[in-house]
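The block underneath contains the structure these notes are about, expressed in structure tokens.
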Amino acid sequence: MAAALPPCPFLALTGLPCAACGTTRAALSLAEGRPLAALAVNPLAALGWGAAVAGGLAALLLRLAGRPLPLLPGWPHRWRWPLAAALGANWLYLVARHLTAR
């Protein structure tokens, strides 16, 4: 399935992977039950997809139990810099992996 995906335009233009390179492949690997492959392709995307699925399941279970979904006030402000650092570290990983694979 991953072979049918279009190439990354940023990679084609610059020779370097973009910050989101491998996100779809990570999702496909997770859907195929291969979490280690997903982590190798794009660690942040694999963790993000896992968190999204876990959050969705938790929300579904809360709603089925008749409980309200908790609000997270201040969440975006509090996590802005840690998320930016994680995105930067993930991109450095993708670039390093790409350069060492040559």
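Where a number appears in this text, it was derived from the coordinates with a stated rule and is not lab data. All values reported here derive from a predicted model rather than from experimental measurement. Here the Cβ positions follow ideal geometry from the backbone for every residue, glycine too, while neighbour counts run over all protein chains shown.
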### Message
Can you compute the helix-only [θ] at 222 nm over the chain? Use -39500 (n - 2.57) per DSSP H run of at least 4 residues, normalise by all residues, nearest 500 deg cm²/dmol.
### Response
-22000 deg cm²/dmol
### Message
If Rh is defined by the Kirkwood formula over all Cα pairs and Rg also comes from Cα, what ratio Rg/Rh do you get for the chain?
### Response
1.06
### Message
Explain nothing, just the number: dipole magnitude of the chain about its Cα centre with +1 on each Lys and Arg Cβ and -1 on each Asp and Glu Cβ, in debye rounded to the nearest 20.
### Response
160
### Task
May I ask you to derive the relative contact order of the chain, considering only C-alpha pairs under 8 Å and at least 6 residues apart, and to give it as an integer percent?
28
### Query
What share of Cα pairs, in percent, lie more than 20 angstrom apart in the stretch 19-77?
41
### Query
Among His98, Gly55, Leu44, whose Cα lies farthest out toward the positive end of the dipole of the chain, if unit charges sit on the beta carbon of Lys, Arg (+1) and Asp, Glu (-1)?
Gly55
